[in-house]
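Notes to accompany the following structure.
Nothing in this text is a laboratory measurement; each read-out follows from the coordinates by a stated rule. This is a predicted model, so every value here is computed, not measured. Positions of Cβ are generated from backbone atoms using ideal geometry, with glycine treated the same way; all protein chains shown enter the neighbour counts.
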Amino acid sequence: MSNEAFFPTILPSGRVTILGVVNVTPDSFSDGGRFVKSGAHVDVAAALAAGRALLAAGAHWLDVGGESTRPGADDVPVDVEIQRVVPVIEALVAEADALVSVDTRKGAVARAAIAAGARAVNDVSGGDDPDLLAACAESPGTQLILGHMRGTPATMQDSPHFDDVLVEVATELMASLDAARRAGVAEACLSVDPGIGFGKRLEDNLALIAHAGWFRERLGRPVLVGPSRKSFLGRITGDPVDERETGTVAACAVAAFAGADGVRVHEPEFVRRAVAVGRALRESRRKELS
């Protein structure tokens, strides 16, 4: 059996991959507290059931996170984050036969998650912790998604500013990619995320989604976007966080049309249909117009 069978690519060509969100946190912006009320005690059975439901609804991978990265969020101690994510990852891999990524900025958490069965690391910080890059490099085939964020979740929305958001985000993501390569992460294992909502203004988020394919062409790597339920949608539609699924579906369809290789969402059922249509429309365009 090939190495690809053991370590499948998280954002393969030929489809728009859907990452289903499994937040084992008490304070994530839209679904915190479902599986952990405080500290590190997690309702693993409930998280497992939720993961199975996400897979049944169309998710290709499950993205497990033990630290909220919402604007203003404080850091979670490494040991607490590990205690939250590891039992859930183990259960999803063993009992749901799921492909799992871990949403973390910390090398120690990435190492524990990989040992528990995670096959990808989703790092919204873009590799700020060199040990996280080393952890991926030392586990051949482990996929790494490098996100864009200036500052930390606690500070990222303190007066964000870009003169040219596309060029600046692409330049900073290229620096993250170069750091990962220097650390030994294989080229085929690298993807990027322009960081929707991570230190961005409304107009920045819209531009990043609308130019998802431009990032793939500029950086030469697959592109993930994560618009699900985020505040920029509420600013457009007026909907509160628990009523933003329609906006999420629309944003994901546009992202697929624009060339995104994957989307990270809380509710995959309608998104999977939307991205299939968005991708089909993109493929129908005449090349000289794309």
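Tabulated data
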read-out: Long-range tail of P(r) for the stretch 164-272 (Cα pairs > 16 Å, %); value: 57
read-out: Cα pair distances of the stretch 114-155 binned at 10 Å [whole percent]; value: 28, 52, 18, 1
read-out: Projected area, mean over directions - the chain, Cα convex hull, nm²; value: 14.2
read-out: Where trypsin sites (Lys or Arg not before Pro) in DSSP loops with at most 10 other Cβ within 10 Å are excluded, longest remaining stretch of the chain; value: 1-284
read-out: Per-residue [θ]222 nm for the chain (sum of -39500 (n - 2.57) over DSSP H runs n ≥ 4, rounded to 500); value: -13500 deg cm²/dmol
read-out: Cα convex hull volume per residue for the stretch 52-106 (Å³); value: 85
read-out: Within the stretch 15-283: Cβ-based charge dipole about Cα centre, in debye rounded to nearest 20 (Lys, Arg +1; Asp, Glu -1); value: 600
read-out: Inter-probe distance in nm under a simple model that places probes 7 Å from Cα toward Cβ, at ASP79 and ASP128; value: 2.3
read-out: Pair-distance profile P(r), taking every C-alpha pair of the stretch 25-182, with 10 angstrom steps and integer %; value: 11, 38, 35, 14, 1
read-out: Per-pair calculated FRET efficiency, R0 = 22 Å: ALA276 and THR246 via Cβ, rounded to 0.05; value: 0.80
read-out: FRET efficiency estimate (nearest 0.05) - Cβ-Cβ, ASP97 to PHE162, R0 35 angstrom; value: 0.25
read-out: Compactness of the stretch 148-221 as Cα Rg over 2.2 N^0.38 Å, two decimals; value: 1.11
read-out: Within a Gaussian network of the chain (alpha carbon springs, distance under 10 Å), most fluctuating of GLY51, GLY278, GLY184; value: GLY184
